[in-house]
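Shown next, in structure tokens, is the structure this report addresses.
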Amino acid sequence: MIFKKKNSVDTSASTSGENAIANKEVEGLSQSQIVRRRFFRHRAAVISLGVISFITVFVFTALDFRFLGIWHVNGWWKWSPQDIPDLRFGDCPNDTVGCPTISLRPKFMGGSGFGFGDHPFGQDDIGRDFFALVMKGTQRSLSVMIVIGTIGASIGTVVGAISGFYRGKVDAILMRFTDFIITIPAIIIGSVVGYHFGNLGAMFLAFYLGLFAWTGLSRLVRGEFLTLREREFVDAARVAGASNRRIIFKHILPNAVGVIIVSVTLLMSGAILLETALSYIGFGVVEPDVSLGLLINKYQDSFTTRPWLFWFPGLFIISIALSINFIGDGLRDAFDPRQRRRISKKERQESATARKLAQAND
Amino acid sequence: MVAFILRRLGVLGVILFGSSFILYNLAAISGDPLSDLKLSNDPNRDFLIASLTRELQLDVPPPARYFLWLKGIFGIFVGNPDFGMSRDGSTVAHSLALAIPVTIRLVLAATILAIVLGISIGIVTALRQYSRFDYSMTFVSFLMFSLPIFWVAVLLKEYLAISFNNFLREPNVPVLWIISIALFSGIFWASIVGGSRRTFWITFGAAAGIAATLITFFSLSGWFLNPSLGPIVILGLSIGIAYGVTQLSVGLINKAALKASLTMAGLSIVYYYPANWVFDNHPSNLSVFLMACVTITIAVFVARAFSKIDRGPIVRTAVITAFLSAGLLIIDKYMQTWKPYMETDAINYRPVPTIGQRSDLLDSTDFWITNLDTVTHLFLPTVALTLISFAGYIRYSRGTLLEVLNQDYIRTARAKGLTERTVIMRHAFRNTMIPLTTIMVVDFAGVIGGALITESVFGWSGMGTLFRQGLLGYDLNLLMGVFFITASLSVIANLIADLLYSALDPRIRVGGGA
């Protein structure tokens with residue numbers, strides 16, 4: 001049974017022992033050092049950070065990069081999304097064409113060793129290299145995510161900071177304006193914006209979506225500012241003659257940065273799902289541009305015959321969203337002052353022995 | 001209080017006005033509803049253009065046309081709202097009236113399931129903080145959080161629906177499957193129960209054994225083709241429900257409550273045959289509803305007969321038990337319908353559909369068969385929506401309960417020597433529910449607005465489809481009709497959430513100073 005009696009009531013000795021361990025750890029460290037330490041102790045978050053950095057570098061270096069026709073960097077992958085190489089057929093299972101050549105089974109297990117082959121993710125119906133398409137789509141989705149995150153974060157922070165700091169009439173007006181935006185469900189405003197401006201390019205779409213994505217953040221920041229502005233250090237700064245702007249940006253904002261960072265990561269993981277969903281129903285990124293949602297939409301009917309056209313874009317969406325969620329979780333733990341690490345049995349015993357020794361010495 | 005509600009409603013009205021004005025103009029300037037007509041070669045093209053212009057008042061510029069639309073909406077105060085005409089000549093109000101029930105049906109079951117499952121798993125993970133179960137559920141919930149619904153939907157269609165249908169052709173569960181299901185359920189239950197290593201393995205063995213036996217029995221007896229519970233199993237399950245509900249609600253120590261709910265469980269076998277007679281001869285929603293009322297009334301009387309003091313919790317326990325065990329009867333009835341349903345020509349032993357909201361080919365008018373048809377069509381969307389939305393509830397209820405468990409009043413309750421059950425269920429759980437309730441209300445409104453993708457994946461024609469139609473055809477009135485419903489719902493849900501919050505938590509007062 002769930003409610004079986006268990007030792008959930010800590011005895012005061014063990015609690016003070018835990019406190020002692022926790023306090024000892026943060027002795028003489030700055031706030032950011034503590035946060036960094038706590039974050040790097042969150043194993044899932046650190047792994048996710050590694051995964052997302054790897055994906056970003058991997059994806060953005062894969063294809064040729066052109067900037068305004070002046071700057072040109074060659075990608076390491078041989079095909080581009082526009083190339084139409086010959087369709088591979090003959091050696092695919094079930095008489096399909098363009099099957100993936102990626103091989104992950106090492107030689108000693110009877111596979112052909114780790115290798116990419118010519119078309120690691122297969123080819124689409126006209127023979128375009130699907131790996132290149134997925135790379136392009138992931139680039140799009142990642143940059144859309146970052147743009148939405150940046151715009152949402154800046155507007156949300158500024159609006160929340162101003163209304164929380166000044167309160168009164170400014171607050172009322174800004175919060176009613178926030179309510180305006182909140183009443184429109186994200187997917188609906190996203191569809192309207194995406195459908196009408198999607199053809200202007202993914203970045204434009206992201207920009208517009210960002211303009212509507214800041215509401216939750218601004219409420220959080222406002223709440224944080226409302227409490228922080230009553231604290232002594234704000235009074236001290238004001239007595240010292242600091243201007244409002246200086247107090248907001250130099251004194252209060254650094255203290256609210258935990259809340260902001262955590263909710264921006266969540267905003268970003270929501271953003272990538274929103275973008276892919278919109279592209280999937282046809283209101284987001286439109287052809288000839290490529291996006292992960294668009295790829296899934298295009299090839300979902302071929303799932304039974306050529307499932308790789310469906311699997312790879314989905315796996316990229318999930319690994320990005322999952323990593324960001326875990327990073328957000330790690331950051332939340334790191335910034336939360338109430339969060340205490342689980343003290344291992346060994347440490348507890350050690351501290352108890354130390355205490356006993358100290359008592360014995362007395 | 002009244003003044004607060006009125007003031008909030010006033011503000012909400014202004015907000016709705018503003019956001020609908022923005023959306024109307026945004027949608028109006030971005031496309032011309034006549035564009036496809038202008039390109040057509042139809043001989044009476046000019047006439048069509050003129051009539052559509054007249055009908056939709058396209059000669060009025062958008063900002064002014066918005067007020068014409070608004071005038072129609074204001075009819076809501078005299079009980080006669082006019083949402084305008086859509087492009088195909090039907091009124092928007094009519095299309096909305098058809099679409100709203102569809103969407104609600106689509107999301108209702110999933111939302112309720114997600115809430116119940118999410119909160120119970122969240123609470124267990126909080127009570128077993130830092131256990132393996134906690135870690136695995138955290139991972140699962142993050143994974144669900146990151147899944148795009150359209151992707152899950154395709155997977156579910158392929159692996160759940162089509163392979164289950166294939167499986168039903170020859171319903172024998174392979175041994176490997178039996179073993180893995182048994183192992184899984186063993187690990188699941190053992191990690192929920194927790195405790196010492198000994199209890200872990202006992203629970204593991206029991207759960208795995210029960211699962212393996214059940215599945216083998218189902219597989220050998222052809223249960224999947226002709227399932228039913230039967231009176232004996234219903235009685236057994238009801239007694240189990242009686243014990244479980246009593247333990248959670250008032251504790252097994254309360255003998256009056258235990259007796260009352262056991263009586264209600266025992267009654268389920270008494271009214272098994274009469275209930276089935278009613279189900280067969282007078283099948284309708286009304287008779288099911290009336291029977292539910294009768295059951296609840298009986299439960300109230302039984303509970304009052306058994307109890308002398310402190311009647312409220314005992315009545316509550318008996319009513320919940322009665323309700324759940326009566327629910328078993330309905331499930332049993334649906335199971336009995338399964339075989340005739342599968343034998344119909346429209347189904348032909350492939351009962352789980354991947355798309356649509358009903359089988360158009362089904363010509364049966366039988367109440368249970370048509371209902372079962374709806375249920376099977378709801379199955380996949382409900383699984384998909386539940387999978388995605390219950391992750392949030394797990395995270396949220398876990399976090400809230402952990403916070404509550406750190407409060408001083410929990411320490412006080414424990415110091416008074418209350419049982420762990422009382423501390424968790426009465427002191428901690430109730431306080432956890434305060435913020436959760438408000439979240440649920442807002443969430444439900446949000447789900448209705450966000451059903452667009454689910455509907456499009458599963459081919460349902462509800463609000464999302466209307467919205468899509470409105471957007472693609474530049475059909476402004478249709479678009480605004482859908483928006484008006486979803487936005488009002490979300491606004492009203494927020495208001496209700498605020499009021500609920502103050503009703504549940506006496507520390508929070510509305511209307512006072514703020």
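Throughout, read-outs are computed from the coordinates displayed, never taken from laboratory work. On a predicted model such as this, the values are computed, not experimentally measured, just so you know. Here the Cβ is made from the backbone with ideal geometry for all residues, glycine too, and neighbour counts use every protein chain on show.
Side notes on the structure shown:
- Set A:Lys78/B:Lys157; B:Lys157/B:Lys339; A:Lys136/A:Lys298; A:Lys298/B:Lys157 screened for pairs whose C-alpha atoms are more than 26 Å apart: A:Lys78/B:Lys157
- In chain B, Cα pairs under 8 Å separated by at least six residues give a relative contact order of 23 percent.
- Proximal aspartates and glutamates to A:Lys250, defined as alpha-carbon separation beneath 16 angstrom and excluding residues fewer than eight positions away on the same chain: A:Glu224, A:Glu230, A:Glu232, A:Asp235
- Shape metrics for region B:286-380, restricted to C-alpha atoms - Rg then Dmax, Å: 18.4, 58
- Computed over region A:189-332, Kirkwood Rh from alpha-carbon pairs, angstrom: 17.7
- Computed packing ranks the peptides A:272-280, A:202-210, B:126-134, B:36-44 as A:272-280, A:202-210, B:126-134, B:36-44, most packed first, by mean other Cβ atoms within 10 Å.
- Per-residue Karplus couplings for region B:159-167, computed as 6.51 cos²θ - 1.76 cosθ + 1.60 with θ equal to phi - 60°, are listed in order as 8, 8, 6, 5, 6, 5, 4, 5, 4 Hz, Gly and Pro entered as x.
- Fewest-first sequence of B:Trp460, A:Trp71, B:Trp201 by Cβ atoms within 10 Å of each Cβ: A:Trp71, B:Trp201, B:Trp460
- Backbone amide hydrogens, once placed in the peptide plane, bring B:Asp82 within less than 5 Å of B:Ile73, B:Gly75, B:Ile76, excluding anything fewer than 5 places away on its chain.
- Centroid-to-centroid separation of region B:1-43 and region B:132-208 [C-alpha atoms, Å]: 46
- J(HN,Hα) series, region B:84-90, from Karplus relation 6.51 cos²θ - 1.76 cosθ + 1.60, nearest Hz, glycine and proline x: x, 9, 8, 5, 7, x, 7
- Placing +1 on the Cβ of every Lys and Arg and -1 on the Cβ of every Asp and Glu, with no other charges, gives the protein assembly as shown a dipole of roughly 4220 debye about its Cα centre.
- In sequence order, calculated HN-Hα J values of region B:48-63 (Karplus, 6.51, -1.76, 1.60; Hz; x Gly/Pro): 4, 4, 5, 5, 5, 4, 5, 4, 9, 6, 6, 6, 8, x, x, x
- Any cysteine of the protein assembly as shown lacking a neighbouring Cys Cβ under 4.7 Å - listed by number: B:Cys293
- Just so you know, the averaged projected area of the alpha carbon convex hull for the protein assembly as shown sits at 48.3 nm².
- For peptide B:408-420, the mean count of partner chain Cβ atoms within 10 Å of a residue's Cβ comes to 1.
- Relative compactness, region B:406-488, computed as alpha-carbon Rg over 2.2 N^0.38 Å: 1.87
- Compared with the dominant principal axis of the Cα atoms in chain B, helix B:476-504 is inclined by about 40°.
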